[in-house]
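First comes the structure, then the notes that go with it.
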Amino acid sequence: MNRVLRTRTLAAVLCAALPLAPALAQNVTLKASHQFPGGKGDVRDEMVQMIARDVNAAKVGLDIKVFPGSSLVKAQEQWKAMQTGQIDMASFPLDYASGFYPQFGATLMPGLVRNHEHAARLNNSPFMQDIKAVIEKGGAKVLADAWLAGAFGSKEKCIKKPEDAAGLKVRSAGATFAQMWAGAGASIVSIPSNEVYNALQQGVAQATDTSSSSFVSFRLYEQLKCLTAPGDNALWFMYEPVLISKRSWDKLNDAQKKALSAASKKAEDYFKTESKKLDDELVDVYKKNKVEVVTMTPEEFDAWRGVAQKTSYKEFAEKVPGGKELIEKALSVK
């Protein structure tokens, strides 16, 4: 009798434990990478850290480990690292992956986005629908949209008109801007944003374009004489989403996907609120550090766009599949 009772008790314990087995098996740790300083106030780092904190707090068996400052993967290798499974998530300028999908170059195209309100309208446009379709084709998924304004900075003189760039060694963030700079008579230095400080310090570059956030977080004010701030006529805007590989997304159960989507939406809303503040902070920081700050007039913006139309736009339309249509769709968003 006792033996039967013990057998029934053991069976009951085993049955009770069975539902836990799948839950334990579904615990997932994702590796998230980016190139920006960790814990230094960079809004892009905070965006990824916020997603990680909220997902971890959701208690759905999902943990996100963040690797800032290119500590796990170099800046321009993150797209490939997502495809090979070295990392699961990343925040980086999508243009860095234009070597794989040249259509991504449209997300860092001179003069396509003029200000933050314009960027917000662009997010829901056919242009961005096409870009996201290419991202999905490449094996990734957008978790959170992010557009950053950018600026020009020079060790030599203020850069407002195209002729101001003639003869300068300019670090350019991407191919489309490099084409425009070259069209204005500059020579090009191609390095990621986390290497710009040393390039300026060593004289490898005399000027640079990059995001407002990077101008501050990488302390470029220590090397520059003049800053051309975004203002109302920002020639430089960059799409820098938080991405996850589709392979990693497909590993997640429904509760984990829901928690990650909710955390990403919250981080995206945070970024939208903070992005304009980044431009204001940029101006304040540079003025405090005795750097001259200027902005472009509408006429100067149009002059630069004219150079871009003859260089960046023309080459993109001729060489990139669907490139002409992408530019037309972006320009149609007023």
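The values are calculated or read from the model by the stated rules, or taken from the named source; none is laboratory data. These numbers were taken from a predicted model, which means no experiment stands behind them. Every residue, glycine among them, receives a Cβ derived from its backbone with ideal geometry; neighbour counts consider all protein chains shown. Side chains are part of the model used for accessible areas, which takes the heavy atoms of the whole protein and leaves out ligands, DNA and RNA. Shrake-Rupley method; radii C 1.70, N 1.55, O 1.52, S 1.80 Å.
Under a cut-off of 16 Å between alpha-carbon atoms, report the aspartates and glutamates in cross-link reach of residue 246, not counting same-chain residues fewer than 8 places apart.
88, 136, 254
Below 8 Å between Cα atoms, with a sequence gap of 6+, how large is the relative contact order for the chain in percent?
24
With every protein chain present, what is the per residue accessible area of the chain (1.4 Å probe, Å²)?
Per-residue value: 45 Å².
Please find the FRET efficiency linking residue 71 to residue 274, where r is the Cβ-Cβ separation and R0 is fixed at 22 Å, and quote it to the nearest 0.05.
The calculated FRET efficiency here is 0.40.
Lys/Arg Cβ at +1, Asp/Glu Cβ at -1, dipole of region 225-334 taken about the Cα centre: which of 295, 227, 317 is farthest positive-ward?
317
Please give every one of the aspartates and glutamates within straight-line cross-link reach of residue 288, meaning a C-alpha to C-alpha distance under 20 Å, and leave out same-chain neighbours fewer than 8 residues apart.
Answer for residue 288, where 20 Å is the Cα cut-off: 42, 156, 222, 279, 280, listed by chain and number.
Evaluate the distance, in nm, between pseudo-label points positioned 7 Å from the Cα of residue 334 and of residue 302 along their respective Cα→Cβ axes.
1.5
Normalise the Cα radius of gyration of the chain by 2.2 N^0.38 Å (N = residues in it) and let me know the number.
Against the empirical 2.2 N^0.38 Å value, I get 1.16 for the chain.
Can you pull a Stokes-Einstein diffusion coefficient for region 194-279 at 10 °C (1.306 mPa s), Rh from Kirkwood over Cα pairs, as a whole number of µm²/s?
Rounded, D is 100 µm²/s.
If you add up the charges near residue 197, with Lys and Arg at +1 and Asp and Glu at -1, over every other residue whose beta carbon is less than 9 angstrom from its beta carbon, what do you get?
-1
Within region 107-146, what residues put their amide N at less than 15 Å from the label point 7 Å along the Cα-to-Cβ vector of residue 28?
Backbone N within reach: 140-143.
How much length would be gained if the chain were fully extended between residue 219 and residue 115, taking 0.36 nm per residue of separation minus their Cα-Cα distance, in nm to one decimal?
Using 0.36 nm per residue and subtracting the Cα-Cα distance, I get 35.1 nm.
How much length is gained on full extension from residue 56 to residue 156, taking 0.36 nm per residue of separation minus their Cα-Cα distance?
31.3 nm
Starting from the 7 Å offset along Cα-to-Cβ, what nm value, one decimal, do you get for the label separation of residue 204 and residue 266?
Taking the simple label geometry, residue 204 and residue 266 are separated by 4.0 nm.
Normalising by the residue count of region 212-334, find the relative contact order in percent from Cα pairs under 8 Å and 6+ residues apart.
Across region 212-334, relative contact order equals 41 percent.
Past 28 Å, Cα to Cα, is the threshold; run 132/257; 169/272; 80/265; 251/329 against it and keep the listed order.
169/272; 251/329
Could you state the per residue volume, in Å³, of the convex hull enclosing the Cα atoms of region 268-334?
Cα convex hull per residue, to the nearest whole number: 150 Å³.
So if I place +1 on the C-beta of Lys and Arg and -1 on the C-beta of Asp and Glu, and nothing else carries charge, what would the dipole magnitude of region 184-334 be about its Cα centre? I want it in debye, nearest 20.
On the way: 22 positive and 22 negative charges, 109 e Å.
Taking the Cα centre of region 184-334 as origin, the dipole is about 520 debye.
Run lengths n ≥ 4 of DSSP H only: what is the helix-derived mean residue ellipticity at 222 nm for the chain, with -39500 (n - 2.57) per run over all residues, to the nearest 500?
Taken over the chain, the calculation gives -14000 deg cm²/dmol.
Give the percent of DSSP beta bridges with both residues in the chain that are antiparallel, rounded to the nearest 5.
50
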